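Undergrad: Sharing a structure with you now.
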Amino acid sequence: MDNSEKRLTENPGGKNHGSLTVRRSQKVEGTLCVPGDKSISHRAVILGSMAEGKSRISGFLPSDDCLGTIEAFRKLGVHAKRSSDTDIRIDSPGFSGLREPGDILDFGNSGTAVRLMTGVLSPSSFFAVLTGDESLRSRPMGRVTDPLKTMGARIDGPQDGRNLPLAIRGSRLRGIHHVNTNKSAQVKSSLLLAGLNAEGPTSVEEPVPTRDHTERMIPFFGGTVRRDGTGSVTVLPGPLKGREISVPGDFSSAAFFIVLALINPDSRIRLENVGLNPTRTAFMKILDAMGVRSLGVKETASGTGTEPTGTLDVSFSEFNGIDIPAEWIPNAIDEIPALSVLAVFARGTTRIRGAAELRVKESDRIRSMCESLSAVGVSVEEFPDGLSIHGQGPEPRLSGGKVDSRNDHRIAMSMSVLGSRLPPGVTLSIEGTDFISTSFPGFGDLYNRITG
Ligand code: S3P
């Protein structure tokens, strides 16, 4: 194959939502920084905008999802300026100075933004309407609106306020104790953010700990959070003060390049400044349990931030299929599509159960991965709460053709990574790839650079 040929090429115009063509990689090597963490970027904008005064966010993820959160706060009267792609300056009157938006707040594809903002706006003094794109309008909102209504929120919308669009009439809230049965960090965060402006403490009890970026960041902005060590987190009402914060690279984005290195012989990739919050990195525990020994982790001092960060060195490995322990799933939930691709190269079967939440992500990710993997010749089994992938070892027989990512960024990137091991001369067209920019702008360029 011609060395100068791009491994991943864009075909704009396909099906309105873009497509990419991917082919076998020549080599997989290089040093890269993935863009800023999506969950932390949203939270930095939200807390920086709820705080009074000036905040500065560096390392911000300039993705469609996170830019949408900034846009929403502009409509609420916050001054926000991008001094560079990844550097955001916020000047806010604080939560009590936010004003009624003159327009609908549209959160596009972002479940995190709309669920967290429902919590932020419930104790406001005004009216707001929140909506999103077709995918987001089909996703469940009752998991946040039901407990918020118990706090006293006035929220209307289809299905008794359990689907978008949501109309919120700001009202006085009182703190509650909520058990996070959905194992959702978005639910926990929505309630904690509402609790900042409720009467009395608000606590969320977690049977399984979910990502804890919100409770790390609230004290950084001057709020009060208590963790009792048995899985409960409590926020006290109180004002926040503007701060400077830096966002590390997104571990969930790094996961695609980790898999790329693990499945390509002679690979060598270094990933710098990656967020290593333990509530996000169960994927590394899974790799270890599968027998991967070629992933080195070095923690580095964190800058102005609230999160551990580090450098990852990763190269090719052989590994085995395993049954993934269900209690690891919540802390690896966004990595399951990438893990499903990895499992194709394992010896033996990988079983992923206890992951029903995947059905209500940007697409039904269980169905999306089963369909996409079957389409390229991988044997899979679908369960209501997961899937199993029959690994073929390091040299699987894959076929090309076409797969539909269902406009889901993580499915599109996972299948791009798998495409790096197609047989020579075979191509795979991945439909619906425009949505990659919701979490990983520049993925295609980085992928092409690393694969030669
Ligand atoms: C997120 C929480 C997770 C995750 C999503 C981001 C967050 O969703 O899948 O990509 O930033 O809180 P759930 O809370 O629905 O599990």
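Undergrad: Return the pairs, sorted by first residue and then second, in which the second residue is more than 16 Å from the ligand (Cβ to nearest atom) and β-branched (Val, Ile, Thr), the first residue lies in the range 91-112 and is assigned by TED's automatic domain parsing to the domain that holds Arg74 and under 23 Å from Gly223 (Cβ atoms), the beta carbons are less than 6 Å apart, and the residues are 6+ apart or on different chains.
TA: If the second residue must be more than 16 Å from the ligand (Cβ to nearest atom) and β-branched (Val, Ile, Thr), the pairs left are Ser92/Val78.
Undergrad: Quick test for you: out of Thr349, Thr427, Thr433, Thr438, pick the one residue that is touching a His at 6+ places or on another chain (Cβ under 8 Å), farther than 24 Å from Gly321 by Cβ, more than 16 Å from the ligand (Cβ to nearest atom) and not assigned by TED's automatic domain parsing to the domain that holds Asn182.
TA: Working: Thr349 fails: farther than 24 Å from Gly321 by Cβ; Thr427 fails: touching a His at 6+ places or on another chain (Cβ under 8 Å); Thr438 fails: more than 16 Å from the ligand (Cβ to nearest atom).
Checking each option against the conditions leaves just Thr433.
Undergrad: Still on this structure, please answer the following. Picking from Glu371, Glu318, Glu362, Glu299, which residue would you name as being within 16 Å of the ligand (Cβ to nearest atom) and acidic (Asp, Glu)? Before you say what the answer is, go through the steps one by one.
TA: On the way: Glu371 fails: within 16 Å of the ligand (Cβ to nearest atom); Glu318 fails: within 16 Å of the ligand (Cβ to nearest atom); Glu299 fails: within 16 Å of the ligand (Cβ to nearest atom).
So the residue among Glu371, Glu318, Glu362, Glu299 that is within 16 Å of the ligand (Cβ to nearest atom) and acidic (Asp, Glu) is Glu362.
Undergrad: Can you spot a residue in the range 341-362 that is in contact with a Phe, Trp or Tyr (Cβ under 6 Å, 6 or more places away or on another chain) and not hydroxyl-bearing (Ser, Thr, Tyr)?
TA: Keep residues of the range 341-362 that are in contact with a Phe, Trp or Tyr (Cβ under 6 Å, 6 or more places away or on another chain), which gives 346.
From what's left, not hydroxyl-bearing (Ser, Thr, Tyr): 346.
Within the range 341-362, one or more residues are in contact with a Phe, Trp or Tyr (Cβ under 6 Å, 6 or more places away or on another chain) and not hydroxyl-bearing (Ser, Thr, Tyr).
Undergrad: Still on this structure, please answer the following. Counting only residues that are in a loop (DSSP other than H, G, I, E, B) and over 22 Å from the mean Cα position of the chain (by Cα), which one in the range 278-302 is surrounded by the fewest Cβ atoms within 10 Å (Cβ to Cβ)? Walk me through how you get there before you give the answer.
TA: Of all residues in the range 278-302, those in a loop (DSSP other than H, G, I, E, B) come to 278-281, 291-294, 301-302.
Checking the rest, the ones that are also over 22 Å from the mean Cα position of the chain (by Cα) come to 291-294, 301.
On the way: Gly291: 14, Val292: 20, Arg293: 10, Ser294: 16, Ala301: 7.
Among them, the one singled out is Ala301.
Undergrad: Would you mind telling me which numbered condition in (1) charged (D, E, K, R); (2) surrounded by fewer than 23 Cβ atoms within 10 Å (Cβ to Cβ); (3) within 14 Å of the ligand (Cβ to nearest atom) Lys188 fails?
TA: Result: Lys188 passes all but (2).
Undergrad: Report yes if some residue within the range 175-183 is more than 16 Å from the ligand (Cβ to nearest atom) and free of Cβ contacts under 8 Å to residues at least 60 places away in the same chain; otherwise report no. Walk me through it before giving the result.
TA: Just the residues of the range 175-183 that are more than 16 Å from the ligand (Cβ to nearest atom), to begin with: 175-177.
Remaining after also requiring free of Cβ contacts under 8 Å to residues at least 60 places away in the same chain: 176-177.
Within the range 175-183, one or more residues are more than 16 Å from the ligand (Cβ to nearest atom) and free of Cβ contacts under 8 Å to residues at least 60 places away in the same chain.
Undergrad: Tell me which of these Thr86 doesn't satisfy, since it passes every other one: (1) away from the ligand (no atom under 16 Å from the Cβ); (2) closer than 22 Å to Ser124 by Cα; (3) under 20 Å from the mean Cα position of the chain (by Cα); (4) of a type in the set (S, T, N, Q).
TA: Single failed check for Thr86: (2).
Undergrad: Among (1) more than 16 Å from the ligand (Cβ to nearest atom); (2) farther than 21 Å from Leu240 by Cα; (3) in contact with a Lys or Arg (Cβ under 9 Å, 6 or more places away or on another chain), where does Ser92 come up short?
TA: Only one criterion in (1) more than 16 Å from the ligand (Cβ to nearest atom); (2) farther than 21 Å from Leu240 by Cα; (3) in contact with a Lys or Arg (Cβ under 9 Å, 6 or more places away or on another chain) is unmet by Ser92, namely (2).
Undergrad: Give the range 208-251 a look and list any residue that's at pLDDT 95 or above and aliphatic (A, V, I, L, M), or say none.
TA: Selection gives Met217, Ile218, Val225, Val233, Val235, Leu236, Leu240, Ile245, Val247.
Undergrad: Residue by residue through the range 214-234, note down the ones that are among the β-branched types (Val, Ile, Thr) and either within 16 Å of the ligand (Cβ to nearest atom) or part of a strand (DSSP E or B) (or both).
TA: Those that are among the β-branched types (Val, Ile, Thr) and either within 16 Å of the ligand (Cβ to nearest atom) or part of a strand (DSSP E or B) (or both): Thr214, Ile218, Thr224, Val225, Val233, Thr234.
The values are calculated or read from the model by the stated rules, or taken from the named source; none is laboratory data. Values in this document were obtained by computation on a predicted structure and should not be read as measured data. Cβ coordinates were reconstructed from backbone atoms using ideal geometry, including for glycine residues, and neighbour counts include every protein chain displayed.
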